[in-house]
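The values are calculated or read from the model by the stated rules, or taken from the named source; none is laboratory data. Here the structure is a predicted model, which is why all the values come from computation and not from measurement. All Cβ positions, glycine included, derive from the backbone under ideal geometry; neighbour counts span all protein chains shown. Accessible surface is based on the protein model in full, side chains and every heavy atom, while ligands, DNA and RNA are left aside. Shrake-Rupley method; radii C 1.70, N 1.55, O 1.52, S 1.80 Å.
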Amino acid sequence: MGAILHQTAASFFASLCFAVLFQVRGRNLVCAAAAGGVCWLVYAVSGAGLGELPAYFLAAVATTIYAEFFARVLRTPAIVYLAAGVIPLVPGGGIYRTMLFCIRGAPEEALSACINTIGIAGAMAMGIVIVSSFVRMLSHQQIIKFQGGSSHAISRK
Amino acid sequence: MITCMTSAELLSCALLLGRRLLECGAEIYRVEESIERMCLSYGAQSADVYAVPTAIIATIRIDEEEILTQTSRIKQRGTDLDKVAALNGLCRAVCTCPVSYGQFQKDMQQIEARPQYSKQVQYFACGGVAAFFTLLFGGSFTEGLLAFIIGFLLQILVSYTERLYMHALFTNLLGGVWISLAALLGIAVGFGHNYDVVIIGSIMPLVPGLLMTNSIRDMIAGDFMAGISRFSEALLIAAGIAAGAAIPLGMRTLLLGVF
């Protein structure tokens, strides 16, 4: 448990620094950093019982819910919180291991590391897509109701 | 009938807004929808927008006789989410309450003048990213310190190569070389004993995670051209980092004969 808290703190500060590189400012900066903390906390807790890929998926889902929630509350695009928040899940280690096996002359391990990396990226993207499409669907329905059921401006998708 | 502006002014304003959104790292659907909504709220009959990460094409129909098209080529892309939020706010504001051409240009200039973090702050942030990721992936305190130094100098290198208009692949290749060379040297000098974790932590500022995720999101949303274009950019960057980091590691194998 102590290790998870340490890692969550590291994740918070890593996302904070990333948000600075993405030019996020003010109170958005704190919210973006906290997204990174939420992300790792969910990943570490669910990873203990579920295995690797479901943990990446659930962490992406949780971070996107967090980002969409704060996007509504603070009237800011969700990407401001999401971009820095999911960074701890990015498979930098996978890319490194793929490269390492390549130069060690172990193509089978390299291929397996590469596929694992793509799987992680896919699980992350799936988690984000499912939540954000759901939120977009809900908010579009609200607009249609608000405008009396007809609007050509928002009929896209 | 268009309110507050002429139709040509409306199209160029909307396209400018979309262009800046794309250049600052907004999603494709946000760019397309912002232009579309802005044109419709000023009174255009219809607006068709097609955006990919490298270009925007917009056509608006004012009435039966007047149809206008304008394109915009996007050459530089970065990430400035503060501006994305500000531009999004401006788009919402003009959609509910249309403003004149002069006022819109003034608002745009105000957004362009928003402060950015200074170079020095970005150096520290990049060092912080490398250090905290090294700690997150199980590195010791001294390995984190080494990663901080590597990340700090990495950002100096990156911002210098950006000024030279160097190709993105080459920048990342150079970054990869620097990271693994510095990590190997640092560990040899005695900053810890595990260079893997230092390298993995330090490449995180370069790894195109946002690009990769956005490309898959675009593809699922139906923007296939945008998705494929971003995916190939992400692959190119990842290949550059990996190839760069492989060079010093390969040399080390060559010199020592062991890993």
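Key figures for this structure:
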read-out	value
The lone exception for A:Leu89 - which of (1) closer than 25 Å to B:Ile241 by Cα; (2) in contact with a helix residue (DSSP H, G or I) (Cβ under 9 Å, 6 or more places away or on another chain); (3) modelled with pLDDT under 90 it fails	(3)
Hey, B:Gly209 modelled with pLDDT under 90 and either surrounded by 21 or more Cβ atoms within 10 Å (Cβ to Cβ) or closer than 30 Å to A:Leu82 by Cβ (or both) or not	yes
A:Ala62 vs. criteria over 18 Å from A:Phe12 (Cα atoms) and surrounded by fewer than 24 Cβ atoms within 10 Å (Cβ to Cβ)	no
Positions within region A:60-97 being more than 19 Å from the chain's Cα centre (by Cα), more than 7 Å from chain B (Cβ to nearest Cβ) and under 23 Å from A:Gly47 (Cβ atoms), in sequence order	A:Arg97
Criterion: among the hydrophobic types (A, V, I, L, M, F, W, C), in contact (Cβ under 8 Å) with a residue 60 or more places away in the chain and open to solvent by less than 20 Å² (accessible area, probe 1.4 Å) - qualifying residue of A:Ala10, A:Ala19	A:Ala19
Positions within region A:22-43 being open to solvent by 20 Å² or more (accessible area, probe 1.4 Å) and aliphatic (A, V, I, L, M), in sequence order	A:Leu29, A:Val30, A:Ala34, A:Val38, A:Leu41, A:Val42
Number of the exception - B:Met166 against (1) open to solvent by 40 Å² or more (accessible area, probe 1.4 Å); (2) under 24 Å from A:Ile79 (Cβ atoms); (3) without any contact (Cβ under 8 Å) to a residue 40 or more places away in the chain	(2)
B:Leu185 aliphatic (A, V, I, L, M) and crowded, with 22+ Cβ neighbours inside 10 Å	no
Helices (runs of 4 or more DSSP H) fully within region B:83-189 counting 1 or more residues that are within 11 Å of another protein chain (Cβ to nearest Cβ) and at negative phi	B:119-136, B:141-163, B:168-189
Only one of A:Ile103, A:Ile144 that is within 11 Å of chain B (Cβ to nearest Cβ), modelled with pLDDT under 90 and open to solvent by 30 Å² or more (accessible area, probe 1.4 Å)	A:Ile103
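Every residue, every condition in (1) open to solvent by less than 40 Å² (accessible area, probe 1.4 Å); (2) touching an Asp or Glu at 6+ places or on another chain (Cβ under 7 Å), yes or no:
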residue	(1), (2)
B:Ile35	yes, no
B:Val52	yes, no
B:Ile56	yes, no
B:Ile62	yes, no
B:Ile74	yes, yes
B:Ala85	yes, no
B:Asn88	yes, no
B:Ala93	no, no
B:Cys97	no, no
